[in-house]
Amino acid sequence: MMSEEWLEKRLRNSPPPLRERLEYHVARLDNEAELPGSLVAAACDLLDGIRDRLDDREAAFDLLAADGLLTLACEAAAFSDPDTLAERCRGMGPDGELGRLAERDLRRLASDDNVPKIVNMGADRRLQEMEQRRTRGD
């Protein structure tokens, strides 16, 4: 794993509530695993955990922390192996970890009787677009 000094340098100037959340999640990373992948996994876990409390003000800091973890993942990938950065970022995107998380949530919204019908229809339409994109190979 990259040095704690490398991470500390990047977290140092973050606003205190954000830095605290980032430091908490960074401290829980597997020291034996590759840093970029661990940071992406931590961000996805964080996003997964706030899905049902998005109306909570504290969730905003968690969303920012997830964004920060993904940014750190990209920086770590660029720092450790710049030649694979684009490939790693694609692995995080629509066809990667974040895409799977989004698709699962869209499926839940498409079938949730407790949300307005327009939300069901929008989620269903987005799922159809994702499937069409996969079929076309975009």
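So here's what we get for this one:
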read-out: Whole-number percent relative contact order across the chain, with pairs defined as alpha carbons under 8 Å at least 6 apart; value: 18
read-out: Listed residues Val119, Val26, Val40, most fluctuating in the chain (Gaussian network, C-alpha, under 10 Å); value: Val119
read-out: Residue among Pro36, Pro17, Pro116 with the largest mean-square fluctuation in a Gaussian network model of the chain, springs linking Cα atoms under 10 Å; value: Pro116
read-out: Answer label for percent of Cα pairs over 24 Å apart (calculated), chosen among [x] 39; [y] 36; [z] 30; value: [x]
read-out: Sorted by Cβ density within 10 Å, fewest first, the residues Leu63, Leu54; value: Leu54, Leu63
read-out: Taking Thr135, Thr84 and counting other C-beta atoms within 10 Å, the order from fewest to most; value: Thr135, Thr84
read-out: Value of D in µm² per second that Stokes-Einstein yields for the range 93-138, Kirkwood Rh from Cα pairs, at 37 °C (0.692 mPa s); value: 302
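Since every read-out is calculated from the coordinates, none of them should be taken as a lab result. Everything numeric here is computed off the predicted structure, so don't read it as measured data. With ideal geometry, Cβ positions are generated from the backbone for all residues, glycine too; neighbour counts draw on all protein chains shown.
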